Amino acid sequence: MNPASKNRCILIFPQIENIGIIDEIRERYDPLAERVRPHITLVFPFVSEIRASDLKIHLAQALCGIKPFEVTLSGITGDILFERFLFLNIDHGKSEIIEMHKRLYTGILEEFMPVWLKNGAFFPHMTVGKIDDREQFEIAVEETKDRTESFKTIINKVSVEIIEENGDSSIEMEADLI
């Protein structure tokens, strides 16, 4: 990777009152639980030399007019198509997240849209697990399928994180929804 390049991701870190329940699930099933807080991805990891100032302007333009909104998450499902992930589903607020996702993948970020997303396959969720072994994945799906907890939050900002080579991440900037 070029020294000027940064590996970034754009996401939402929901402020959820009962986040401890999600943390417990992630500790059991998500290998990234200790590296990144629970989140909803808007722009998937991309490596670029985009200047922080240019990215900040893009965020402001792309998110212009999107006001804070409520999100409700509940129900865990397994998705074998995407490498055996466990997803905490978004019940309410999905259309707003899809709109943010579409707007962000324009302009300077358009070229970074993964091919699999170009057919409109974006499914807003919070990843709570990734299990490589098929048998262990099926066990995890069975263990989590009847979880009934519901998680509510108000989304009022979007974060850009830098993903370090060792997998750790740090917040580079945030954009408030107004």
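Of the residues Ile50, Ile10, Ile98, only one is among the hydrophobic types (A, V, I, L, M, F, W, C) and more than 18 Å from Ser169 (Cα to Cα); which?
Working: Ile50 fails: more than 18 Å from Ser169 (Cα to Cα); Ile10 fails: more than 18 Å from Ser169 (Cα to Cα).
Going through Ile50, Ile10, Ile98 in turn, just one is among the hydrophobic types (A, V, I, L, M, F, W, C) and more than 18 Å from Ser169 (Cα to Cα): Ile98.
What is the one condition in (1) assigned to a helix (DSSP H, G or I); (2) more than 22 Å from Val128 (Cβ to Cβ); (3) among the basic types (Lys, Arg) that Lys67 does not satisfy?
That leaves (1) as the condition not met.
Kindly establish whether Ile98 is over 17 Å from His39 (Cα atoms) and either free of Cβ contacts under 8 Å to residues at least 60 places away in the same chain or in contact with a Cys (Cβ under 6 Å, 6 or more places away or on another chain) (or both).
The answer is no for Ile98.
For residues in segment 74-101 being hydrophobic (A, V, I, L, M, F, W, C) and part of a strand (DSSP E or B), which is surrounded by the most Cβ atoms within 10 Å (Cβ to Cβ)?
First, pick out the residues of segment 74-101 that are hydrophobic (A, V, I, L, M, F, W, C): 76, 80-82, 85-88, 90, 97-98, 100.
Remaining after also requiring part of a strand (DSSP E or B): 76, 85-88, 90.
Values: Ile76: 24, Phe85: 19, Leu86: 26, Phe87: 19, Leu88: 24, Ile90: 23.
Here the residue is Leu86.
It is to be established whether one or more residues within segment 102-116 are charged (D, E, K, R), surrounded by 15 or more Cβ atoms within 10 Å (Cβ to Cβ), in a helix (DSSP H, G or I) and in contact with a helix residue (DSSP H, G or I) (Cβ under 7 Å, 6 or more places away or on another chain).
There is at least one residue in segment 102-116 that is charged (D, E, K, R), surrounded by 15 or more Cβ atoms within 10 Å (Cβ to Cβ), in a helix (DSSP H, G or I) and in contact with a helix residue (DSSP H, G or I) (Cβ under 7 Å, 6 or more places away or on another chain).
Looking at segment 121-152, which of its residues are under 15 Å from the mean Cα position of the chain (by Cα) and farther than 17 Å from Glu24 by Cα?
Looking only at segment 121-152, we keep the residues that are under 15 Å from the mean Cα position of the chain (by Cα), and these are 121-130.
Within segment 121-152, Ala121, Phe122, Phe123, Pro124, His125 meet the criteria.
Checking the conditions here, which among Glu17, Glu34, Glu49, Glu83 is of a type in the set (Asp, Glu) and modelled with pLDDT of 95 or more?
Details: Glu17 fails: modelled with pLDDT of 95 or more; Glu34 fails: modelled with pLDDT of 95 or more; Glu83 fails: modelled with pLDDT of 95 or more.
The match here is Glu49.
Is segment 123-140 home to any residue that is assigned to a helix (DSSP H, G or I), closer than 27 Å to Ser53 by Cβ, touching a residue at least 40 places away in the same chain (Cβ under 8 Å) and of a type outside the set (Asp, Glu)? I'd like the intermediate steps shown before the answer.
Residues of segment 123-140 assigned to a helix (DSSP H, G or I): 134-140.
Going one step further and asking which of them are closer than 27 Å to Ser53 by Cβ, we end up with none.
No: zero hits.
Sort out which residues of segment 164-178 are surrounded by 15 or more Cβ atoms within 10 Å (Cβ to Cβ) and modelled with pLDDT of 95 or more, and write them in order of number. Before the answer, list the steps.
Taking segment 164-178 as the starting set, the residues that turn out to be surrounded by 15 or more Cβ atoms within 10 Å (Cβ to Cβ) are 169, 172-173, 175, 177.
Residues satisfying the conditions are Glu172, Met173, Ala175, Leu177.
Can you name the number of the only condition in (1) closer than 20 Å to Ala121 by Cβ; (2) among the basic types (Lys, Arg); (3) over 16 Å from the mean Cα position of the chain (by Cα) that Lys94 fails?
Just one mismatch for Lys94, condition (3).
The values are calculated or read from the model by the stated rules, or taken from the named source; none is laboratory data. What you see is a predicted model; the values in this text were computed from it and never measured. Please note: Cβ atoms are built from the backbone with ideal geometry, for glycine as well, and neighbour counts cover all protein chains shown.
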